[in-house]
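Okay, structure first, notes after.
Please treat every number below as a calculation from the coordinates, not as lab data. No experiment lies behind these values; they were computed from the predicted model shown. Neighbour counts run over all protein chains shown; Cβ positions are idealised from the backbone, glycine included.
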């Protein structure tokens with residue numbers, strides 16, 4: 001039987017004509033001025049802003065009952081993220097502290113943003129978390145070390161602000177983060193700037209705990225920066 005051979009030139013040609021797979025893009029829309037976080041998706045600041053969705057387990061399968069929307073805006077000085085998602089029951093930390101960060105907030109219900117501007121050392125990025133009660137945590141992560149987030153990463157301070165609301169009647173909770181851009185990126189903010197990002201949601205109590213991701217990693221571990229998507233600053237809607 002004759003064996004067909006594919007030349008190196010043909011392989012190169014096929015690679016050139018095959019469409020490149022672009023990383024998932026999360027647009028962040030420019031705002032005219034800064035505001036205090038409101039956690040109100042119907043406010044003038046947030047209404048009409050298109051977002052992305054956290055709707056899959058970090059392992060891959062869809063989790064439609066916990067599908068959460070995330071929107072983003074930016075100014076010269078800050079990045080804003082708005083989270084809105086349904087819940088069945090809330091897993092909340094007793095005696096919440098909203099004045100100072102809460103270490104190991106990931107053990108309770110929370111939304112998370114992993115964000116970095118270094119496209120060469122992709123293991124270096126920032127982690128931001130917030131709970132339905134308005135607790136927060138910010139970490140300077142090096143994903144190459146064992147158990148990132150469990151050591152002195154919490155000593156870093158971003159200057160982030162958060163606001164959260166629980167709608168018990170509608171069984172949803174909404175949260176907003178305001179993060180100084182200078183805590184993540186040393187470039188002046190302008191349309192076209194890109195950063196590396198992933199979004200996560202922790203929900204429920206073990207053994208029925210759900211861990212969702214915008215860009216899934218395939219393992220029960222969010223610290224896989226090779227799986228991150230792209231946050232892109234855009235001029236407007």
Worksheet, complete the sentence: Relative contact order in percent for the chain (Cα pairs under 8 Å, 6+ apart) equals 26
Item to complete: Could you list 156, 214, 108 in order of exposure, starting from the residue whose Cβ has the fewest other Cβ atoms within 10 Å?
Response: 156, 108, 214
Discussion item. Given the -39500 (n - 2.57) contribution per DSSP H run of 4+ residues, what per-residue ellipticity at 222 nm results for the chain, rounded to the nearest 500 deg cm²/dmol?
Written reply: -1000 deg cm²/dmol
Item to complete: Report the residues of region 118-132 in range of a label on residue 186: point 7 Å along Cα→C-beta, backbone N strictly under 17 Å from it.
Response: 118-126
Worksheet item: According to the square roots a ≥ b ≥ c of the eigenvalues of the Cα gyration tensor, what is the shape class of region 33-147, taking rounded for a/c under 1.5, prolate for a/b larger than b/c otherwise, and oblate for the remainder?
Response: rounded
Worksheet, complete the sentence: Distance in nm between residue 221 and residue 121 label points, each 7 Å along Cα→Cβ, equals 2.1
Discussion item. For the pair residue 168/residue 194, report the inter-label distance in nm, with labels modelled 7 Å from Cα in the Cβ direction.
Written reply: 4.6
Worksheet item: Roughly speaking, what is the stretch gain from residue 150 to residue 209, that is 0.36 nm per residue apart minus the C-alpha to C-alpha distance, in nm to one decimal?
Response: 19.2 nm
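Based on the alpha-carbon gyration tensor of region 166-232 and its eigenvalue square roots a ≥ b ≥ c, which shape applies: rounded if a/c is under 1.5, prolate if not and a/b is larger than b/c, or oblate?
Oblate, since a/c reaches 1.5 and b/c is not below a/b.
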Response to the item:
Gyration tensor on Cα atoms of region 24-234, a ≥ b ≥ c root eigenvalues, a/c under 1.5 rounded, else prolate if a/b beats b/c, else oblate, says rounded
Worksheet item: Arranged by the count of other C-beta atoms within 10 angstrom, fewest first, what order do 144, 57 take?
Response: 144, 57
Worksheet, complete the sentence: The simple spin-label model distance between residue 95 and residue 53, using points 7 Å out along Cα→Cβ, in nm, is 4.1
